[in-house]
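Everything below concerns the one structure shown next.
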Amino acid sequence: MRIAFVHTPMSTVPVPQRRQFWRNFDIQYHSTHPGLRHMRHAMWELPHWMHWLAGVLVWHGHTDLDVVDLYTAPGALDSGGELDEAVVRAMVGAHPADAYLFSPMTVNLHFAYQIADAVKQLRPQAKVIFGGVVATPLADRVARHPGVDFVVVERGETALPALIDALAQGRGVDGVGNLVHRLPDGRIARSGLRYPDLSAADIPPPKVDLFPPDAGQDIRYLRQVYALGCPYKCTFCTIQTIGQKPEYFSIDRVINEIRAYRERYGEHHNIYWGDETFTLHPERTLELLTALEDEGGIAYDCQTRLNCLGDDRVLNKLHDSGCRWVEIGLETGAQDSQNVHKHHMKLGSVEETLLRVRDAGLAACAFAVNGFPDQTPDQMRGSIEWICDLIDRDLLQASYLFGLVPYPGSAMFQHPERFGMELLHEDFALYHEELPPVYRTALASPDQVYEVFLDGLGMLAEAMGKRPYFGSLVGVGADERYGSFWADAHV
């Protein structure tokens, strides 16, 4: 049975204020990441879910695998940011398969539907299978789409091979767990069986060679995972679809995966740790950092929470083991909002913690989110000014800024009324961090929130438009070296 993974493209939104923002962000980032190369095509990273599930399928004997890479296909999106039907049909036609696997995000779910429809038109007998972070909370709705045959909900390491086995053997799917599908009469059937999540030790290794080696020219970094899951319950996050209790992979496995990915796609690539909270458990973190230090030659970035940076042993070992950039989810400078939305985040230690991070030789970058429903526009602006002040004082090297989106699977989407939000629609193509919010509150209209967001981009661009406090601009002439790397890809 031939199985094709579909890499669904992602639309970009032209926001003029982003050009200067990304240019200055890029200067800060490049200064700490010498040797970064421009991407041939902006894939940014290998689609980790594909390598992951491909490894699972190979483990179960399904080795005839293919990739329909519409993400980097030239012309897949037209000048208006819509899918080009001719390109989609040509790509699907060039990759015949018996089953096509999709794992879209919220904002490109409509693109995945369009591709699924093309599959059904060109290959009516092929099965279309959806799964992942948006298909799980919207399973019944996704299963109703005429181009979709099955939805695998939650984690798929057991359910997907069980479904593929049933299809390959011509059996019914009644005994397959974690499954939602449409019956011939149009009703939606949901499996009564839920498979327990596989422990990290039982998950097969990824299929590293799913893409050709030259795909390494299309990526910015290699994503790696040490732990699955996150114990925190932020109201805007969807990570709970993969578990609330972190499960750790063995260090030998992690190091071997890094070696294998770099050998295939380029030894020069940095690693980006996909763990939501990389430094959650200090002792486990130290074990991995010691192994990375012993391995040598691996530069990496990670993300974590402010309250998980309290151990100086970890901070010092991060630097010694190759970490150069720590991304911290600060989100907002309002403690009241933190209390509601961030789960155990206290801002009283921000400056002291960031100073210790800097003293350990680590560049810190914040995640900032605009539009929390319990804030007025002035309070939103105040949070951005707070982030700018931290940058001005060299406590942060840079900061992202995104608009708040109540994604399906988050508490905000499930119960918006609890947070004083009214969702305006469910046109998921507009659930985009660069677009006006899809909700209103008693404190701010969508237009007011978006105005603060656009102004905030300019404020942060100005704050980041200074000489980096970590890294070097040696050899940067007339600013051309950095000027378009992020801007061309994001705007």
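Here are the numbers:
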read-out	value
Prolate/oblate/rounded call for segment 78-130, Cα gyration tensor, a/c under 1.5 rounded	oblate
Amide H partners (placed H, <5 Å) of Val67, local residues excluded	Phe5
Globularity ratio of the chain, using Cα Rg and 2.2 N^0.38 Å	0.97
Under-5 Å amide H pairs with Gly132, H placed in peptide plane, nonlocal only	Glu154
Segment 373-402 and segment 129-174: distance between their alpha carbon centers, rounded to Å	41 Å
Within-14-Å neighbourhood charge of Thr279 [Cβ basis; K, R +1; D, E -1]	-3
Reachable lysines, given that their alpha-carbon falls under 27 Å from the alpha-carbon of Lys127 and they are not under 8 places away in the same chain	Lys207
Segment 248-356: trypsin sites (Lys or Arg not before Pro) in DSSP loop, at most 13 other beta carbons within 10 Å	Lys346
Distance between modelled label sites at Arg194 and Asp78, nm, 7 Å Cα→Cβ extension	4.4 nm
Rg/Rh (Cα only; Kirkwood hydrodynamic radius) as it applies to segment 181-272	1.10
Rounded to the nearest 20 debye, dipole of the chain from Cβ charges on Lys, Arg, Asp, Glu	660 debye
Inter-site label distance for Ala90 and Asp359 at 7 Å from Cα along Cβ, in nm	5.9 nm
Which of Tyr113, Gln379, Tyr221, positive extreme of dipole for the chain (C-beta unit charges)	Tyr113
Whether segment 204-340 is rounded, prolate or oblate, judged on the alpha carbon gyration tensor where a/c under 1.5 counts as rounded	prolate
Of the trypsin sites (Lys or Arg not before Pro) in segment 369-457, those whose Cβ has at most 10 other Cβ within 10 Å and which sit in DSSP loop	none
Aspartates and glutamates with Cα under 16 Å of Lys466, excluding same-chain neighbours fewer than 8 positions away	Asp26, Asp389, Asp392, Asp394, Asp479, Glu480
Under 12 Å, Cβ to Cβ, from Gly333 - net charge with Lys/Arg +1 and Asp/Glu -1	-3
Calculated from backbone phi, Karplus (6.51, -1.76, 1.60) coupling profile of segment 333-339 in Hz, x at Gly/Pro	x, 9, 4, 4, 5, 4, 4
Sparse-neighbourhood loop sites, GluC sites (Glu not before Pro) in segment 167-271 - DSSP loop, at most 15 other Cβ within 10 angstrom	Glu267
Environment charge of Leu83, counting only residues whose C-beta is closer than 12 Å and scoring Lys/Arg +1, Asp/Glu -1	-4
Solvent exposure, largest accessible area first (probe 1.4 Å, DNA, RNA and ligands not counted), of Asp117, Asp359, Asp320	Asp359, Asp320, Asp117
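The values are calculated or read from the model by the stated rules, or taken from the named source; none is laboratory data. Fair warning: this is a prediction, and the values are worked out from it, not measured in the lab. With ideal geometry, Cβ positions are generated from the backbone for all residues, glycine too; neighbour counts draw on all protein chains shown. The accessibility values were calculated without ligands, DNA or RNA, using every heavy atom of the protein model including side chains. Shrake-Rupley method; radii C 1.70, N 1.55, O 1.52, S 1.80 Å.
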